[in-house]
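Notes follow once the structure below has been shown.
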Amino acid sequence: MIHSAVLIPGDGIGPEIAQVAQQAIQATGVQIQWQVGQAGAAQIPLCGSPLPPETIQMTRQAGVALKGPITTPIGTGFRSVNVVMRKELDLYANLRPARSFPGVPSRFDQVDLVVVRENTEGLYAGVEHMVGKDAAESIKILTRSGCQRILDYAFDYARRNGRKKVTAVHKANIMKCTDGLFLDIARQTAQNYPDIAFEEMIVDATCMRLVMNPADFDVMVMPNLYGDIVSDLCAGLVGGPGLAPSANIGKDMAIFEAVHGSAPQMAGKDLANPVALTLSGAMMLRHLGEMDAAARIERAIADMLAAGETTPDLGGSLGTRAFGDKLCQRIGKLV
Ligand code: NAD
């Protein structure tokens, strides 16, 4: 079967690591008809927007995209292309697994958790403005339907993947209305899943426990901003930004991307670690039903990391391209 997918290379280190991810998928033998969609600041002079409508249209049609990171100006400038895409395509669940890899220097070696981040609401709704010239206001919006679908997703995911526990992360002691709504729905939803243990935890306590004993966690579900922060923390626990993949999932569509950003200072230097985006590619293959190919990519990456064949961020000496070449050879040899 030939699948259709969109490749959005992004900017910064995006194009270099997207090329490795694409080659790794090709090395599995799975056939994908790729269309390339552009996004990022370089598109503004060409079409007046960092997110050309054709890119959104292509993604809608294919239903699946693999996306490199995209730079967002800080404090000023256009709204994050990533946030706009997630909102526009209603990709409400952001799945961010964090898993220890033998051989990778990290503080812990027993981490195997998944952060499920609500992806379209909360403080990322982008409803903010100045109040006079000396105050600024940002409005946090959580809806019952938005909370319900992310909590259903988290519990379903736990059940489908043989996970044992879901932890709902919140700050309902302070944000009694918004996070209170999220927590209420979490408690109700938990009752529909008696086979999955349920735990609730305040976000600050969660961060402390994560850095002391991350093996306590299994599936974690939380509103948008906490999910963004906590998942980076989790990426740090297992060896850094170069290793953490993610999926943005909607009802009929999904975009797969690394948790990390565009690392502009590293762009074009053949130094970036392509593992996170390549693992995101494996998540995409699993989404397409190509379980064996996904497992081969993951296995080949784990073998390389265990053998110390890594990019400089993990202490190795391989460039991005050389890492990609070796990875493809290993994938080809795995049956
Ligand atoms: P970043 O993730 O780009 O970089 C943080 C640190 O991690 C840097 O030291 C960087 O060199 C390192 N790093 C990141 N990816 C790496 C890789 N693959 N290999 C080796 N080292 C890597 O975060 P930032 O500097 O805060 O953000 C840079 C830009 O990326 C910003 O414009 C931000 O808005 C954007 N961003 C985009 C996405 C996305 O497209 N999904 C996500 C996060 C940040």
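Checking Met130 against (1) more than 21 Å from the chain's Cα centre (by Cα); (2) crowded, with 18+ Cβ neighbours inside 10 Å, which test does it fail?
(2)
Of everything in the range 1-47 that's of a type in the set (Val, Ile, Thr) and away from the ligand (no atom under 16 Å from the Cβ), which residue is nearest to Thr278 (Cα to Cα)?
If we take residues in the range 1-47 being of a type in the set (Val, Ile, Thr) and away from the ligand (no atom under 16 Å from the Cβ), then Ile25 is nearest to Thr278 (Cα to Cα).
So, Ser317, is that one more than 9 Å from the ligand (Cβ to nearest atom), surrounded by 22 or more Cβ atoms within 10 Å (Cβ to Cβ) and either within 20 Å of Pro105 (Cβ to Cβ) or in contact (Cβ under 8 Å) with a residue 24 or more places away in the chain (or both) or not?
No, not satisfied.
What number of residues within the range 171-216 satisfy the criterion of being buried (at least 16 other Cβ atoms within 10 Å of the Cβ) and assigned to a helix (DSSP H, G or I)?
Adding up the residues that qualify gives 15.
Would you point out the residue of the range 58-79, among those that are within 20 Å of Ala18 (Cβ to Cβ) and among the polar types (S, T, N, Q), that is farthest from the ligand (Cβ to nearest atom)?
Looking at residues that are within 20 Å of Ala18 (Cβ to Cβ) and among the polar types (S, T, N, Q), I get Gln61.
Would you tally the residues in the range 122-170 being in a helix (DSSP H, G or I), among the basic types (Lys, Arg) and within 20 Å of Asp228 (Cα to Cα)?
Summing the residues that are in a helix (DSSP H, G or I), among the basic types (Lys, Arg) and within 20 Å of Asp228 (Cα to Cα) in the range 122-170 gives 1.
Pairs only if they're at least six apart or on different chains, beta carbon under 8 angstrom, first in the range 55-66 and within 11 Å of Met253 (Cα to Cα) and in contact (Cβ under 8 Å) with a residue 40 or more places away in the chain, second in a helix (DSSP H, G or I) and among the hydroxyl-bearing types (Ser, Thr, Tyr); list them, first residue then second.
As it stands, the answer is Ala65/Thr59, since those pairs meet every condition given.
For every residue, the table says whether it meets (1) within 15 Å of Ala186 (Cβ to Cβ); (2) without any contact (Cβ under 8 Å) to a residue 60 or more places away in the chain.
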residue	(1), (2)
Lys87	no, yes
Tyr92	no, no
Arg96	no, no
Ser100	no, no
Glu128	no, yes
Ala136	no, yes
Arg144	yes, yes
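Being closer than 20 Å to Lys87 by Cα, crowded, with 21+ Cβ neighbours inside 10 Å and β-branched (Val, Ile, Thr): is that true of Val259 here?
For Val259, the condition - closer than 20 Å to Lys87 by Cα, crowded, with 21+ Cβ neighbours inside 10 Å and β-branched (Val, Ile, Thr) - is met.
Having 1 or more residues that are within 10 Å of the ligand (Cβ to nearest atom) and under 19 Å from Glu298 (Cα atoms) is the bar; report the strands (runs of 3 or more DSSP E) wholly within the range 217-283 that clear it.
Passing ranges, in order: 245-249, 254-258.
When you go through (1) within 16 Å of the ligand (Cβ to nearest atom); (2) farther than 22 Å from Val6 by Cα; (3) at pLDDT 95 or above one by one for Ala307, which number turns out not to apply?
(1)
Would you be able to say whether some residue in the range 292-315 is in contact with an Asp or Glu (Cβ under 7 Å, 6 or more places away or on another chain) and in a loop (DSSP other than H, G, I, E, B)?
Within the range 292-315, none of the residues are in contact with an Asp or Glu (Cβ under 7 Å, 6 or more places away or on another chain) and in a loop (DSSP other than H, G, I, E, B).
The values are calculated or read from the model by the stated rules, or taken from the named source; none is laboratory data. What you see is a predicted model; the values in this text were computed from it and never measured. Every residue, glycine among them, receives a Cβ derived from its backbone with ideal geometry; neighbour counts consider all protein chains shown.
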